[in-house]
Amino acid sequence: MSSAKSSILLIYTGGTIGMMKDYTSGALKAFDFSQLLKNIPELNQLDCTISSYSFERPIDSSNMNPTHWVAISDIVAEKYDEYDGFVVLHGSDTMSYTASALSFLLENLGKPVILTGSQLPIGDLRTDAKENLITAIQIAALKKKGKAVIQEVGLYFEYKLYRGNRTTKINAEHFQAFASLNYPQLIESGVHLTVFNEYLLPQKKKLGLKSHRNMDDNVAILKIFPGINKNVIDAMLGTKNLKALVLETYGSGNAPMEEWFLERLNNAIINGIHIINVTQCSGGAVMMGHYETSSRLKKMQVINGKDITTEAAITKAMYLLGSGVSQDLFKTVFETSLRGEMM
Ligand code: ASN
C-alpha cells in the first residue's frame with residue numbers, strides 16, 4: 001500500500017447484505033446506509049476513507065435490469081477521479097450479470113470496481129456480510145507504487161476475488177455462492193491477501209475511462225434439452241425484434257443434428273439474428289467442429305462463445321448491439337475477448 005490513504009466509494013444497491021434483523025419483531029429490514037460506520041465499527045480500522053452512495057430504493061437483485069447497470073456505471077464514471085476504488089454492494093442472485101455488464105460498460109477501467117454481497121444479512125449473528133464487505137474494501141484500496149493493483153471489475157465472495165465476468169452463482173445456500181470455473185481466482189484472502197498478479201488484466205497505460213450507456217435488450221437465452229420441439233424454437237426465434245440469441249448447447253457446443261432444427265437456426269442467421277453458442281456445462285469451452293454435432297453450426301456461422309459464461313454472453317450481446325457494432329463485424333468482435341471474459 002502507498003502511504004496516501006485510499007478513498008473508497010461504497011455503492012449500495014440492495015440485496016441481503018443490506019438488511020438488519022429487528023430483534024424485537026424478528027423481521028429483516030433494509031439497513032440505513034448512512035449508519036454504516038456506526039453499525040460496523042470495524043470499518044474504522046481500515047486504512048482508507050470510506051464514503052457511501054445508496055440507491056434511493058435498494059432492490060433485491062432479482063429486480064436488476066440494464067437501466068440499473070447503467071446507473072451504477074454512471075456513478076463510477078462520475079466519481080472516477082474522486083475515488084481510488086469502488087465497492088458495489090449487490091444482491092447475490094444476479095451479481096454475476098451485473099459484474100459482467102459493468103465490465104463491458106466501463107472500458108479502459110484503471111481502478112477497482114469490486115462487487116460483493118452476502119448470503120446472510122449484515123445484522124445476523126452468523127453473517128458472512130462483514131468479512132465480504134471488509135475484505136472487498138481492502139481489495140479496492142490496494143495500491144502498489146501509487147497505482148491500483150486491481151484495474152478491473154471483480155467479484156469478492158467467501159475469501160476469493162474473481163474476475164466478475166467469469167463468475168456464476170452456483171449455490172443458494174453455501175457461503176461459497178460463486179465459482180469461476182474457467183478462470184483462476186485473482187486474490188485469495190487468508191492470513192494475508194495473496195494477489196495472483198499473473199491473472200490480472202494488464203495495467204492500463206494512459207487510456208482514460210470510457211463509459212458506455214447503451215444496452216440493447218433485444219436478446220434471449222435458449223437452453224436446449226433432449227425433446228425440445230419446433231414450437232419452442234419457433235416461438236423463440238420468432239420473438240419480435242430479436243437480434244441475438246445465446247444458445248446453451250451440450251458439452252463442447254453440440255446440438256441435435258435434426259434437419260428441422262438446423263434449418264431454423266440457419267434461417268434465423270440469414271435473417272440477421274446472431275446466434276451465440278455457449279455450453280450449458282458449468283466449466284469448459286465450446287469447440288465447434290470437434291464433433292459432427294457442432295460442424296453444421298460452425299458452417300452456418302454460429303458465433304463461437306468459447307469458454308464464456310452465459311451471464312457474460314448475454315450482457316456482451318446487449319453491449320455490442322447497444323454500441324452499434326455493424327452486423328458484419330458482430331461475430332468477429334464477439335469472438336474477441338474484450339475484458340478478459342473469454343479465452
Ligand atoms: N435475493 C437476494 C438478492 O439477490 C439474495 C442475496 O442477496 N443473497 O438480492
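Just so it is clear, none of the values below were taken in a lab; they were calculated from the coordinates. Keep in mind the model is a prediction, meaning the values are calculated, not measured. A quick note on method: Cβ atoms are made from the backbone with ideal geometry, for glycine too, and the neighbour counts reach across all protein chains shown.
Are any residues in the range 197-230 assigned to a strand (DSSP E or B) and touching a Lys or Arg at 6+ places or on another chain (Cβ under 9 Å), and if so, which ones?
Residue satisfying the conditions is VAL219 alone.
What are the residues in the range 89-109 that are more than 15 Å from the ligand (Cβ to nearest atom), in contact with a Gly (Cβ under 8 Å, 6 or more places away or on another chain) and outside any helix (DSSP H, G or I), if any?
If the condition is that a residue be more than 15 Å from the ligand (Cβ to nearest atom), in contact with a Gly (Cβ under 8 Å, 6 or more places away or on another chain) and outside any helix (DSSP H, G or I), then ASN108 is the only one that fits.
Identify all residues within the range 134-163 that are in contact (Cβ under 8 Å) with a residue 60 or more places away in the chain, closer than 20 Å to SER100 by Cα and part of a helix (DSSP H, G or I); write none if there are none.
ILE137, ALA140
How do the helices (runs of 4 or more DSSP H) wholly within the range 237-342 filter down when requiring 2 or more residues that are closer than 23 Å to GLU152 by Cβ and touching a residue at least 40 places away in the same chain (Cβ under 8 Å): which remain?
Those helices (runs of 4 or more DSSP H) span 310-322.
Just to be sure, is PHE55 part of a strand (DSSP E or B) and within 16 Å of the ligand (Cβ to nearest atom)?
yes
Tally time: how many residues in the range 62-88 are within 13 Å of the chain's Cα centre (by Cα), within 16 Å of the ligand (Cβ to nearest atom) and under 23 Å from GLN138 (Cα atoms)?
2
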